[in-house]
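K.L.:
Provided herewith is a single structure, encoded as structure tokens, for subsequent inquiry.
The values are calculated or read from the model by the stated rules, or taken from the named source; none is laboratory data. None of the values given here were measured: they were computed from a predicted structure. All accessible areas refer to the heavy atoms of the entire protein, side chains included, with ligands and DNA or RNA removed. Shrake-Rupley method; radii C 1.70, N 1.55, O 1.52, S 1.80 Å.
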Amino acid sequence: MPLPRNGNLSMVYFQDFVLEGFKGGLETQALLFAVFLALYMVTMLGNLTMIMVITLDAHLHSPMYFFLKNLSFLDLCYSSVIAPNALVNFFSPSKVITFVGCATQLFFFSLLVTTEGFLLGVMAYDRFMAICSPLHYPITMCHSACTRLVLGTYCGGCLNSVVQTSFTFRLPFCSSNRINHFFCDVPPLLQLACGNTAINELILFGICGLIIVGVTSVVLVSYGYIMVTILRMRSGAGRRKVFSTCGSHMASVTLFVGTVFVMYAQPGAIESMEQGKVVSVFYTLVIPMLNPLIYSLRNKDVKEALWRLGQKHTAM
């Protein structure tokens, strides 16, 4: 195996990586394949349905559902960055991913997941404006403002993705090319580096910590004002509707922030790869599958839109 000849950290000693995935024999791999396939198919069906319903039903052409459609799009995309390759590797004898393919997967995964975190914060702000300042809401959250907010989340996601990917793949991977994970992520890649990874770990924990604290702060402040407004409401039906809408969003935020914190923003996260694999399955497949179910089952408007589309399809 070649050893480093100079201090150039951009030098790469392997053209390919091997994604080791989950341990176990053929039966275990077949069971995991079935679980991953089922989760991915439900994720695809649920998020595509949400996108279609919100796009086709004029009653859902509002800022809240504009953001929800973008959330479904992000869930669809970042699960698709991971799941197809993972499904192929369950029965692949080599489990090889090229260096460029690994960097590309990490870049898009980091971009989409970070963007989703920022979008959840934007959705909390949208609910704050709708409930606490309803008279200014149509002006403050006009279509152009909503579009700029969504573009801002993508810009933030892209910035984090560029930083994480560039700093990770500047390291020399000369100790091994076997990634102890089912996709290319920063923690397992840092385990393979034969250079000093202290700066990389600091960047990972620092940026992820800032994102989690920032998003959580926006959500908590927004819902603090929302709770005060709800308590002042005299209509019981109005309270129930607000609780239903906000409860769905809070469930999504809690699931997302909790799993990202466990994976990236706690000491020892990089060393705990076996735990990391299980957590990764949760936020790459389970959460994208649950989000459309959470928002559709608890949302009267979405259920009515589904019923209307069903009636139109039956009448045709």
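K.L.:
Mind counting lysine pairs for me in the chain? Cα separation below 16 Å, and the two need to be 8 or more apart along the chain or on different chains.
P.N.:
Close lysine pairs found across the chain: 6.
K.L.:
Provide the gained length on full extension for the span Cys132 to Ala58, in nm with one decimal, where the gain is 0.36 nm per separating residue minus the Cα-Cα distance.
P.N.:
24.2 nm
K.L.:
Shifting gears a bit: Taking H placed 1.01 Å from N in the peptide plane, check which residues at least 5 places from Phe17 or on another chain put their amide H under 5 Å from its amide H.
P.N.:
Excluding prolines and chain starts, which carry no amide H, the hits are Ile97, Thr98, Phe99.
K.L.:
At 222 nm, what value in deg cm²/dmol follows for the chain if DSSP H runs of at least 4 each add -39500 (n - 2.57) and the sum is divided by all its residues, to the nearest 500?
P.N.:
So the calculated ellipticity at 222 nm is -25000 deg cm²/dmol.
K.L.:
With every protein chain left in place and a probe of 1.4 Å, what is the accessible surface of Thr104, to the nearest 10 Å²?
P.N.:
My reading of the accessible area for Thr104 is about 60 Å².
K.L.:
Averaged per residue, what accessible area in Å² does the chain show with a 1.4 Å probe, protein chains only?
P.N.:
Here the residues of the chain average 48 Å² of exposed surface.
K.L.:
Along segment 51-65, what does the Karplus equation 6.51 cos²θ - 1.76 cosθ + 1.60 (θ = phi - 60°) give for ³J(HN,Hα), rounded to whole Hz, x for Gly and Pro?
P.N.:
4, 5, 4, 5, 6, 8, 8, 5, 5, 9, 8, 9, x, 4, 7
K.L.:
Please list Leu120, Leu39 in order of solvent-accessible area, largest first, computed with a 1.4 Å probe with all protein chains present.
P.N.:
These residues rank, largest area first, as Leu39, Leu120.
K.L.:
Counting only protein heavy atoms and a 1.4 Å probe, tell me what percentage of the chain's accessible area is made up of carbon and sulfur.
P.N.:
Exposed carbon and sulfur together represent 70 percent of the surface.
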